[in-house]
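Scroll down for the structure; my scribbles are underneath it.
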Amino acid sequence: MTSLPKSIAEKFKFFWAWIKSPASVASVVPSSSELTAAMIEASGLKPGDRILELGPGTGVFTRALLDSGIEEDQLVLVEFSPEFADQLRQDFPKAKLVEGDAFLVLKELKQEGERFSAALSGLPLLMFTEDVREDCIRGCLEILEPAGCLCQFTYSPTPLVPDNKDWEAKVSERIWQNIPPAVVWSYRKNID
Ligand SMILES: C[S@@+](CC[C@H](N)C(=O)[O-])C[C@H]1O[C@@H](n2cnc3c(N)ncnc32)[C@H](O)[C@@H]1O
C-alpha cells in the first residue's frame, strides 16, 4: 500500500490534534509558508544562532529555521502535545525536545541560565488572560540575548498585550494567505 505524502499526512495529524484539543492546537491546519516566512524574517536570525521554539506542532517553523542556516543542535523545541513531541523527536533528532508546558519550561530555562538569540512562538496566547500573555512575553525576553527577538503570531485583530515600557513591540502586515489570516508580533527588550 502506498503511503500519503508527508505534507498531507502532517495536515491530517494536525487536524486530528485540533479535534482532540481545539483550545491548545487553536488552528485546523499548520501555519502557511507565507506566515512561516514572516516569522523567520521578523526574528532577524543569523546562522550560528541558538533558537527557542515554543509550540512547534508539526514543525513548519522548525524546518524553515534549518533552511535559514540554523544548526539543528542549536534548537530547543518545547511542545505540550505528546503526539507532536514524538514526531518532532523523529524528525529533528539533534534538536533538544522538551515535552511539557511552555509556561513552566520558560521558568526552568531561566533558572538553568539558558540563553537564546531569538524565540519563535506558536503558542495559542489568545486562549489566556492578558496577565498570562505578559508573563510569557517577559519570560521569553528574560532568556534572550539583549537584542534578541521574540516572534509570536496571532489571528487576533488587536494587540495581544497593551503597550509596555519593558519592551518594544512591532507588528507585521496581516498575512491573508494563512488560515486563519495572521500577523506576527515581534518583541524586543527596551534597553535604556
Ligand atoms: C497554533 S499551533 C502552532 C503549531 C505550529 N507552530 C504552526 O505554526 O503550525 C499551537 C501549538 O502549540 C502547542 N501548545 C499549546 N499549548 C502549549 C503549551 N502550554 N506548551 C507548549 N506547547 C503548547 C500545541 O500543541 C500546538 O503544537
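Summary of values
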{"item": "The stretch 43-119, relative contact order [Cα under 8 Å, separation at least 6], %", "result": "39 percent"}
{"item": "Whole-percent carbon and sulfur share, accessible surface of the stretch 101-192, 1.4 Å", "result": "54 percent"}
{"item": "Rg/Rh ratio calculated on Cα atoms of the chain (Kirkwood radius)", "result": "0.94"}
{"item": "With every protein chain in place, the stretch 1-49: carbon and sulfur % of accessible area (1.4 Å)", "result": "68 percent"}
{"item": "Charge context of E71, other residues only, Cβ under 11 angstrom, K/R +1, D/E -1", "result": "-1"}
{"item": "Relative contact order %, the stretch 122-186, counting alpha carbon pairs below 8 Å whose residues are six or more apart", "result": "33 percent"}
{"item": "Hz values of 3J(HN,Hα) by residue in the stretch 71-84 - Karplus curve (6.51, -1.76, 1.60), Gly and Pro given as x", "result": "6, 4, 6, 9, 10, 10, 10, 10, 10, 7, 6, x, 5, 4"}
{"item": "Mean separation of Cα contacts under 8 Å (6+ apart) over length of the chain, as relative contact order %", "result": "21 percent"}
{"item": "Accessible area of the chain divided out per residue, in Å², using a probe of 1.4 angstrom", "result": "52 Å²"}
{"item": "Residue-count net charge about S117 - beta-carbon cut-off 9 Å; Lys, Arg +1, Asp, Glu -1", "result": "+1"}
{"item": "0 to 90° range, to nearest 10: angle between helix 33-43 axis and the chain longest Cα axis", "result": "30 degrees"}
{"item": "Volume per residue of the C-alpha convex hull in the stretch 1-79, rounded to whole Å³", "result": "109 Å³"}
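The values are calculated or read from the model by the stated rules, or taken from the named source; none is laboratory data. Not measured: the values here are computed from a predicted model. Please note: Cβ atoms are built from the backbone with ideal geometry, for glycine as well, and neighbour counts cover all protein chains shown. Heavy atoms of the whole protein, side chains included, go into the accessibility calculation; ligands, DNA and RNA do not. Shrake-Rupley method; radii C 1.70, N 1.55, O 1.52, S 1.80 Å.
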